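Presented below is the structure to which this report refers.
None of the figures in this text is laboratory data; all of them are computed from the coordinates on show. Note that the structure is predicted; figures quoted are calculated from it, not measured. Cβ placement follows ideal geometry from the backbone for every residue including glycine, while neighbour counts extend to all protein chains displayed.
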Amino acid sequence: MRTRLEGERSETKIVPDWEALEKTIADLRSQLDCAAQSMVTKDNDLERLGKEKEKLQQAYNRCKQRMRQLGGILWREGV
């Protein structure tokens, strides 16, 4: 990422390679964007699954209640 330049007194100066740094920054931003998109997708999936779970829980509770009712009817009738 850096290039060495020789000075008059044989001093070495380090100059950043701006193009390489800009490319690295662009790559990191791209990775960050992908990670953010992935998080949004996973958050949406979790929200959808939570709603489906709630619907299933409600259906389960209705079935359980109906089975109790039927059990009570059968018990009263002596079956």
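Tabulated data for the structure shown
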read-out	value
³J(HN,Hα), Karplus 6.51/-1.76/1.60, whole Hz, each residue of the range 38-45, x for Gly, Pro	5, 5, 5, 4, 5, 5, 4, 4
Mean separation of Cα contacts under 8 Å (6+ apart) over length of the chain, as relative contact order %	15 percent
Dimensions (Å) - the chain, Cα atoms, principal axes, largest first	110, 16, 10
Formal net charge of residues neighbouring GLY71 (Cβ-Cβ distance under 13 Å; K, R +1; D, E -1)	+3
Within the chain, helix-based [θ] at 222 nm, where runs of 4 or more DSSP H residues each add -39,500 (n - 2.57), nearest 500	-28500 deg cm²/dmol
